[in-house]
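Asker: Sending over a structure as structure tokens; questions will come in a sec.
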Amino acid sequence: MTQAIVVDSHPLDQILRADRMPHIFCPGCGIGIAMRCYAQALLESGIPQQRHVVVSGIGCTGRVAGYIAIDSYHTTHGRAIPFATGLKLANPNLMVTVFSGDGDLAAIGGNHLIHAARRNVDIKVICVNNFNYGMTGGQCAPTTPLGAIATTAPYGNPEQPFNLPYLLVAAGAGYVSRWTTLHVRQLKQDILRCFARPGFTFIEVLSACPVGFGKSNSIADGLEELQLYRERCVIADGVPLEEMGIDLRENRPIYIGNFIDRDLPVYHPVSLTT
Amino acid sequence: MYTEIRLAGFGGQGIGLAGVLLGRAAALYGGLEAVMTQAYGPEARGGASSANLVLADEPIDYPFVQQPDILVAMSQEAYTKFRPTAKPEALVLIDTELVTPFAEDVVQAIPATRLAEGMGRRIVANVIMVGFFTRQTGFLAREAVEQAVRESLRPKLVPLNLKALAIGYEYE
Amino acid sequence: MHGDEACAEGAIAAGCRFFAGYPITPSTEIAERFAQRMPELGGVFIQMEDELASIAAVLGASAAGARAMTATSGPGLSLMLENLGLGVMLELPCVIVDIQRGAPSTGLPTMVGQADVMQARWGSHGNYSIIAYAPWSPQEAFDLTVLCFNMADRFRTPVVLLGDEVIGHMMERVVIPPAEQLPRWERKRPTTPPPTAGPYRAFEPDPDDLVPPLPHAGEGYRVHFTGLTHDERGYPDMSGEAHHVLVTRLNEKIDRHVEEITRLEDYGLEDARIVVVSFGCTARSARRAVREARARGIPVGLLRLVSLWPFPEAVLRELAQRVDTFIVAEMNLGQVRLEVERCSGRPAVGVHHAGGEMIHPEQILQAILRSAGR
Ligand SMILES: Cc1ncc(C[n+]2csc(CCOP(=O)(O)OP(=O)(O)O)c2C)c(N)n1
Ligand code: SF4
Ligand SMILES: [Mg+2]
């Protein structure tokens, strides 16, 4: 006979809004895993929780702000980065993280993304890339691989996707990484490194959306996508950024790791007072 | 009193500053109401430049100059373009060496640019004209205009401009 | 001082220390003034990549506790409307300045317009109330900007200053009172420390005025703000009932206070049988016309709408009882006239121009003379 194991408390309780559970994520969805890594990093950061702020845009990933028990702002589609910029500049003491989806950050918010990277404003961006618009039901995103099926690309996506690390480095970001929801330890560690270094940082987290993307692209479920990550992920070591593009269907490596970590002048408003 | 004034010349002559000096002198130190407007955009670029002032002893409603009572022209183009927009009997002040007036027109003339060159600073021709204007029109106290010069310019530039103002004011 | 400069100085005098914007004629001088002044005062000036970002940054700064503003013109306001709605929903105070130019679209970039009146009122999707003021002089660009900040904080909501190119670019005397003489209404702030158990209720209205106190980021309240329909804790609540309660309150917190928000100026209304209604730069022409008509013995008065939104319905209803004719003078094709007709219950005479040049006093005078049967 099986028995349910009920636990009353969990170490993450203090940082998650227990009163908002259950969350909206589908079974097999990777967002919850990425959120856990972020929550764990918050606890381990050594920065008082009061100083942490999370800002999200709109999308499944955007709902993350609503589950983290710190000051949290769920804004409009695409505008998390400029909202976060305002927060950070008005109160530089805050540690501001933007946690949002690939569509939110790279499509409708794409302009803000490249400009925040160029400016090097001190915000930490975590981008959950599930290769589609999950929230609205599996439409094409600017990250959908060429040829992949989406509800708005029923014959296969005719467009090239963004190679996000390449884009961000070109735009001027000082710190760019990519992990998957399989790499929870590395991801958490990388978030902690972002907290510790000033300036704009960008972490892309490859994540399963079995409902919106997997099903129509021959990835049976979340587990199978993790399997795929296990087989194909390779730590990039000297691989040129141009090669970082992703095609889930091809038998090609998926490069992960930290791609760039360079010190660039961090944006500060001009001040003549100090 | 309700007086419409148009100051005009070419870009770089400091026409806008001349307007600001007169407007400030009137509104801040002259006990008058003053409104200044300038042309913006394509019209303001390129050759002609103008500043328009309304001075009055009552609140000014409509802010634009319609038919100037006073025209200050510091270039031929400005004179030719704006003289017909001013009242026929308008007081017209010109820079002698830059403007040849219409045959029938009665004008007051000062070689502002040459006098400025004489000071070694062609750029202050506008302020010389402001001094000349102050003397010719008589509705602003010399002290009020001097005060406006002191308040509107960087301290370094004040002595030079006060001198230019005096040259224009005392020109016979 | 130019109207644009006066507006920036008004904001600074009101304690605004955060400006995010994107250059656009005829509002650019406001951004330029902030770029000069913020570094001297330890404030933030940032030029963003577009207007979508500008207002988002302003809301973020407001959430962090700053008095924050942006300035634009019609094309930029169109982009800002998205997050104007977010500001309404999150109840984040801020000031949005629109120096109107000829529109629609790119229109007349350097020339005057007054056709964003309805856009300011209804531009973002959904039902919400908005507060908007329209200065008619550089002095008022200063004074009303101060008022905008006070109203924004008082009602925890975005406030619009609807200026126009004529006022923005004209130069006139501006008297700046000493800082301590300027009225300052502070944001209502939490009076209790962060709760030890359970969430702080950042959207629980004060029963007196329906305005909830605002906790700022970093104060330990662990607030959640969302543009989704939410309950008093700020948590999403996807029910029609919650939605109705929230949206009704957001409207009522402003509509209930129309009298407190409204600013009007009248000239010769006591004995008027004809009333000219106008605002912004056009009201200057209207006053000239009214003065001239009164000098000819015509019982005409001017009602100047210093505040445009919420519309002073009660005042117009009351006036309609004792006045024969309303004339509305505005640089658009009848946006305020429709409101006047709605409130007075009768057709009004419109003196309209689509924009580009100011309506001349003579045009309004002619309308008065016609209405007086002369
Ligand atoms: C202005 C606007 N346009 C469209 C939408 C509808 N919409 C909501 S979420 C979304 C896409 C989200 O995709 P992504 O950021 O990848 O998040 P995911 O759901 O995949 O985590 C869209 C198009 C919206 N909310 N607002
Ligand atoms: S739709 Fe996709 S991204 Fe959204 S919760 Fe479900 S699995 Fe996750
Ligand atoms: Mg997505």
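The values are calculated or read from the model by the stated rules, or taken from the named source; none is laboratory data. Owing to the predicted nature of the structure, the values given are computational and were not obtained by experimental measurement. Cβ atoms come from the backbone with ideal geometry, glycine included; neighbour counts cover every protein chain shown. Heavy atoms of the whole protein, side chains included, go into the accessibility calculation; ligands, DNA and RNA do not. Shrake-Rupley method; radii C 1.70, N 1.55, O 1.52, S 1.80 Å.
Asker: Applying the selection to segment B:116-133, what residues are buried (at least 17 other Cβ atoms within 10 Å of the Cβ) and free of Cβ contacts under 8 Å to residues at least 40 places away in the same chain?
Answerer: B:Phe132
Asker: Another question, if that's okay. Out of segment C:15-33, which residues are assigned to a loop (DSSP other than H, G, I, E, B), of a type outside the set (Val, Ile, Thr) and surrounded by fewer than 24 Cβ atoms within 10 Å (Cβ to Cβ)? Spell out the reasoning first.
Answerer: Step one: filter segment C:15-33 for residues assigned to a loop (DSSP other than H, G, I, E, B), giving C:15-17, C:22-27.
From what is left, the residues that are of a type outside the set (Val, Ile, Thr) are C:15-17, C:22-23, C:26-27.
Correct list: C:Gly15, C:Arg17, C:Tyr22, C:Pro23.
Asker: Out of the residues in segment A:44-62 meeting the condition of being more than 14 Å from chain C (Cβ to nearest Cβ) and either open to solvent by 40 Å² or more (accessible area, probe 1.4 Å) or not hydroxyl-bearing (Ser, Thr, Tyr) (or both), tell me which one is nearest to ligand 2 (Cβ to nearest atom).
Answerer: In this case the residue turns out to be A:Glu44.
Asker: A further question on this structure: When both residues are 6+ apart or on different chains and their Cβ atoms are under 6 Å apart, which pairs have a first residue that lies in segment A:86-105 and is under 17 Å from A:Phe195 (Cα atoms) and open to solvent by 10 Å² or more (accessible area, probe 1.4 Å), and a second that is away from ligand 3 (no atom under 16 Å from the Cβ) and part of a helix (DSSP H, G or I)?
Answerer: Here the result reads A:Met95/A:Arg51, each pair linking segment A:86-105 to a residue that is away from ligand 3 (no atom under 16 Å from the Cβ) and part of a helix (DSSP H, G or I).
Asker: Does B:Tyr62 satisfy being out of contact with any Lys or Arg (no Cβ under 9 Å at 6 or more places or on another chain) and among the hydroxyl-bearing types (Ser, Thr, Tyr)? Don't jump to the end; show me each part of the working.
Answerer: Working: out of contact with any Lys or Arg (no Cβ under 9 Å at 6 or more places or on another chain): no; among the hydroxyl-bearing types (Ser, Thr, Tyr): yes.
The answer is no for B:Tyr62.
Asker: Name the residue that is surrounded by the fewest Cβ atoms within 10 Å (Cβ to Cβ), counting only residues in segment C:101-150 that are within 14 Å of chain B (Cβ to nearest Cβ) and closer than 23 Å to C:Arg184 by Cβ.
Answerer: Narrowing segment C:101-150 to residues within 14 Å of chain B (Cβ to nearest Cβ): C:101-102, C:106-113, C:135-141.
Filter once more, so that each one left must be closer than 23 Å to C:Arg184 by Cβ: C:135, C:137-141.
Values: C:Pro135: 29, C:Ser137: 24, C:Pro138: 27, C:Gln139: 19, C:Glu140: 25, C:Ala141: 32.
This residue is C:Gln139.
Asker: While we're here: Find the residue count for segment A:106-123, including only residues that are more than 12 Å from ligand 1 (Cβ to nearest atom) and either surrounded by 24 or more Cβ atoms within 10 Å (Cβ to Cβ) or in a loop (DSSP other than H, G, I, E, B) (or both). Can you show your working first?
Answerer: Restricting attention to segment A:106-123, the residues satisfying the condition of being more than 12 Å from ligand 1 (Cβ to nearest atom) are A:111-112, A:114-123.
Checking which are either surrounded by 24 or more Cβ atoms within 10 Å (Cβ to Cβ) or in a loop (DSSP other than H, G, I, E, B) (or both) leaves us with A:112, A:116-117, A:120-123.
Summing the residues that are more than 12 Å from ligand 1 (Cβ to nearest atom) and either surrounded by 24 or more Cβ atoms within 10 Å (Cβ to Cβ) or in a loop (DSSP other than H, G, I, E, B) (or both) in segment A:106-123 gives 7.
Asker: I've got another one for you. Going through segment C:347-374 one residue at a time, which ones are surrounded by fewer than 19 Cβ atoms within 10 Å (Cβ to Cβ) and either among the hydroxyl-bearing types (Ser, Thr, Tyr) or part of a loop (DSSP other than H, G, I, E, B) (or both)?
Answerer: Within segment C:347-374, C:Pro347, C:Ala354, C:Gly356, C:Glu357, C:His360, C:Ala372, C:Gly373, C:Arg374 qualify.
Asker: Would you check which residues across segment A:14-52 are aromatic (Phe, Trp, Tyr) and either assigned to a loop (DSSP other than H, G, I, E, B) or touching a Gly at 6+ places or on another chain (Cβ under 7 Å) (or both) and list them? Give the steps one after another, and end with the answer.
Answerer: So in segment A:14-52, the residues aromatic (Phe, Trp, Tyr) come out as A:25, A:38.
Once the filter is applied, which keeps residues that are aromatic (Phe, Trp, Tyr) and either assigned to a loop (DSSP other than H, G, I, E, B) or touching a Gly at 6+ places or on another chain (Cβ under 7 Å) (or both), segment A:14-52 yields only A:Phe25.
Asker: How many residues are in a helix (DSSP H, G or I) and touching a Leu at 6+ places or on another chain (Cβ under 8 Å) if we restrict to segment C:1-14? Break it down stepwise before answering.
Answerer: Step one: of segment C:1-14, the residues in a helix (DSSP H, G or I) are C:3-13.
Filter once more, keeping what is touching a Leu at 6+ places or on another chain (Cβ under 8 Å): C:7, C:10, C:12-13.
Going through segment C:1-14 one residue at a time, the tally reaches 4.
Asker: Say we look at segment A:15-33 and pick out the residues that are away from ligand 1 (no atom under 15 Å from the Cβ) and more than 10 Å from every other protein chain (Cβ to nearest Cβ); which of these is surrounded by the most Cβ atoms within 10 Å (Cβ to Cβ)? Even if it seems obvious, please write down each step before you answer.
Answerer: Residues of segment A:15-33 away from ligand 1 (no atom under 15 Å from the Cβ): A:15-22, A:27.
Retained after the next criterion (residues that are more than 10 Å from every other protein chain (Cβ to nearest Cβ)): A:16, A:18, A:21-22, A:27.
Values: A:Leu16: 18, A:Ala18: 12, A:Met21: 8, A:Pro22: 5, A:Pro27: 9.
This residue is A:Leu16.
Asker: Collect the residues in segment C:74-113 that are of a type outside the set (A, V, I, L, M, F, W, C) and within 13 Å of the chain's Cα centre (by Cα), keeping them in residue-number order.
Answerer: Step one: of segment C:74-113, the residues of a type outside the set (A, V, I, L, M, F, W, C) are C:74-76, C:78, C:82-83, C:85, C:87, C:91, C:93, C:98, C:100-102, C:104-107, C:109-110, C:113.
Passing the criteria: C:Pro93, C:Asp98, C:Gln100.
Asker: Suppose we filter segment C:190-242 for residues that are more than 14 Å from chain A (Cβ to nearest Cβ), surrounded by 15 or more Cβ atoms within 10 Å (Cβ to Cβ) and either in a loop (DSSP other than H, G, I, E, B) or within 26 Å of the chain's Cα centre (by Cα) (or both); how many remain? Talk me through it step by step, then tell me what you get.
Answerer: Let us first name the residues in segment C:190-242 that are more than 14 Å from chain A (Cβ to nearest Cβ), namely C:191-192, C:204-213, C:239-242.
Of the ones still in play, those that are also surrounded by 15 or more Cβ atoms within 10 Å (Cβ to Cβ) are C:205, C:209-213, C:242.
If we keep only those that are either in a loop (DSSP other than H, G, I, E, B) or within 26 Å of the chain's Cα centre (by Cα) (or both) too, we end up with C:205, C:209-213.
The total comes to 6.
Asker: So which residues in segment A:82-140 are of a type in the set (D, E, K, R) and within 13 Å of ligand 2 (Cβ to nearest atom), if there are any at all? Lay out the reasoning, then the answer.
Answerer: Filtering segment A:82-140 down to residues of a type in the set (D, E, K, R) leaves A:88, A:102, A:104, A:118-119, A:122, A:124.
Answer for segment A:82-140, where residues must be of a type in the set (D, E, K, R) and within 13 Å of ligand 2 (Cβ to nearest atom): A:Asp102, A:Asp104.
Asker: In segment A:142-156, how many residues are within 14 Å of ligand 3 (Cβ to nearest atom) and either open to solvent by 10 Å² or more (accessible area, probe 1.4 Å) or within 16 Å of A:Ser218 (Cβ to Cβ) (or both)?
Answerer: Quick first cut of segment A:142-156, residues within 14 Å of ligand 3 (Cβ to nearest atom) only: A:142-145, A:148, A:150-152.
This time we only want the ones that are either open to solvent by 10 Å² or more (accessible area, probe 1.4 Å) or within 16 Å of A:Ser218 (Cβ to Cβ) (or both), so: A:142, A:144-145, A:148, A:150-152.
Residues that pass the stated criteria total 7.
Asker: Mind listing whichever residues of segment C:173-189 are within 14 Å of chain B (Cβ to nearest Cβ) and open to solvent by 30 Å² or more (accessible area, probe 1.4 Å)? I'd like the intermediate steps shown before the answer.
Answerer: Filtering segment C:173-189 down to residues within 14 Å of chain B (Cβ to nearest Cβ) leaves C:173-176.
If the condition is that a residue be within 14 Å of chain B (Cβ to nearest Cβ) and open to solvent by 30 Å² or more (accessible area, probe 1.4 Å), then C:Arg173, C:Val175, C:Ile176 are the ones that fit.
Every residue, every condition in (1) among the polar types (S, T, N, Q); (2) in contact with a helix residue (DSSP H, G or I) (Cβ under 7 Å, 6 or more places away or on another chain), yes or no:
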site	(1), (2)
B:Tyr2	no, no
B:Ala8	no, yes
B:Gly14	no, yes
B:Val20	no, yes
B:Met36	no, yes
B:Glu58	no, no
B:Asp61	no, yes
B:Ala73	no, yes
B:Gln76	yes, no
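Asker: Sort through C:Ser62, C:Ser78 and tell me the only one that's in a helix (DSSP H, G or I) and either more than 10 Å from chain A (Cβ to nearest Cβ) or closer than 21 Å to C:Asp143 by Cβ (or both).
Answerer: Values: C:Ser62 fails: either more than 10 Å from chain A (Cβ to nearest Cβ) or closer than 21 Å to C:Asp143 by Cβ (or both).
Step by step, each of C:Ser62, C:Ser78 is checked, and only C:Ser78 is in a helix (DSSP H, G or I) and either more than 10 Å from chain A (Cβ to nearest Cβ) or closer than 21 Å to C:Asp143 by Cβ (or both).
Asker: Specify which of the listed residues (A:Ala80, A:Ala106) is in contact with a His (Cβ under 9 Å, 6 or more places away or on another chain), on the phi < 0 side of the Ramachandran plot and either within 16 Å of ligand 3 (Cβ to nearest atom) or within 13 Å of chain C (Cβ to nearest Cβ) (or both). Write out each step before concluding.
Answerer: On the way: A:Ala106 fails: in contact with a His (Cβ under 9 Å, 6 or more places away or on another chain).
Of A:Ala80, A:Ala106, the one residue that is in contact with a His (Cβ under 9 Å, 6 or more places away or on another chain), on the phi < 0 side of the Ramachandran plot and either within 16 Å of ligand 3 (Cβ to nearest atom) or within 13 Å of chain C (Cβ to nearest Cβ) (or both) is A:Ala80.
Asker: Now for a separate question. Run down C:Leu84, C:Leu92 and say which single residue is touching a Ser or Thr at 6+ places or on another chain (Cβ under 6 Å), assigned to a loop (DSSP other than H, G, I, E, B) and open to solvent by less than 10 Å² (accessible area, probe 1.4 Å). Talk me through it step by step, then tell me what you get.
Answerer: Numbers: C:Leu84 fails: assigned to a loop (DSSP other than H, G, I, E, B).
Within the list C:Leu84, C:Leu92, the selection yields C:Leu92.
Asker: Starting from residues that are within 13 Å of chain C (Cβ to nearest Cβ) and outside any loop (DSSP other than H, G, I, E, B), keep the ones in segment B:46-67 and report whichever is farthest from C:Arg288 (Cα to Cα). Talk me through it step by step, then tell me what you get.
Answerer: So the first thing to find is which residues in segment B:46-67 are within 13 Å of chain C (Cβ to nearest Cβ), and the list is B:51-56, B:58-67.
If we keep only those that are outside any loop (DSSP other than H, G, I, E, B) as well, we get B:51-56.
Values: B:Ala51: 23, B:Asn52: 19, B:Leu53: 17, B:Val54: 14, B:Leu55: 15, B:Ala56: 14 Å.
So, considering only residues that are within 13 Å of chain C (Cβ to nearest Cβ) and outside any loop (DSSP other than H, G, I, E, B), the one farthest from C:Arg288 (Cα to Cα) is B:Ala51.
Asker: Moving on. Kindly list, by first and then second residue, each pair from a residue in segment A:207-220 that is more than 7 Å from ligand 2 (Cβ to nearest atom) to a residue that is basic (Lys, Arg) and outside any helix (DSSP H, G or I), limited to pairs with Cβ atoms under 8 Å and residues at least 6 apart or on different chains.
Answerer: Taking only residues 6 or more apart or on different chains, the pairs are A:Asn217/A:Arg249; A:Ser218/A:Arg249.
Asker: Run A:His74 past the list (1) within 16 Å of ligand 1 (Cβ to nearest atom); (2) surrounded by 17 or more Cβ atoms within 10 Å (Cβ to Cβ); (3) away from chain C (no Cβ under 12 Å) and report the number of the one that doesn't hold.
Answerer: (3)
Asker: Out of A:Phe202, A:Phe259, A:Phe195, which single residue is within 16 Å of ligand 3 (Cβ to nearest atom), hydrophobic (A, V, I, L, M, F, W, C) and not in a loop (DSSP other than H, G, I, E, B)?
Answerer: Details: A:Phe259 fails: within 16 Å of ligand 3 (Cβ to nearest atom); A:Phe195 fails: within 16 Å of ligand 3 (Cβ to nearest atom).
Exactly one of A:Phe202, A:Phe259, A:Phe195 is within 16 Å of ligand 3 (Cβ to nearest atom), hydrophobic (A, V, I, L, M, F, W, C) and not in a loop (DSSP other than H, G, I, E, B), namely A:Phe202.
Asker: With the condition being open to solvent by less than 10 Å² (accessible area, probe 1.4 Å), I'd like the strands (runs of 3 or more DSSP E) fully within segment C:258-322 carrying at least 2 qualifying residues. Break it down stepwise before answering.
Answerer: Values: elements: C:264-267, C:274-278, C:300-305, C:307-309.
Result: C:274-278, C:300-305, C:307-309.
Asker: Separate question: Counting only residues that are more than 8 Å from every other protein chain (Cβ to nearest Cβ) and either away from ligand 3 (no atom under 16 Å from the Cβ) or not in a helix (DSSP H, G or I) (or both), how many does segment A:83-103 have? Show your work before the answer.
Answerer: Pass one, segment A:83-103, residues more than 8 Å from every other protein chain (Cβ to nearest Cβ): A:92, A:95-103.
Right, trim to either away from ligand 3 (no atom under 16 Å from the Cβ) or not in a helix (DSSP H, G or I) (or both) and you get A:92, A:95-101.
Residues meeting the conditions: 8.
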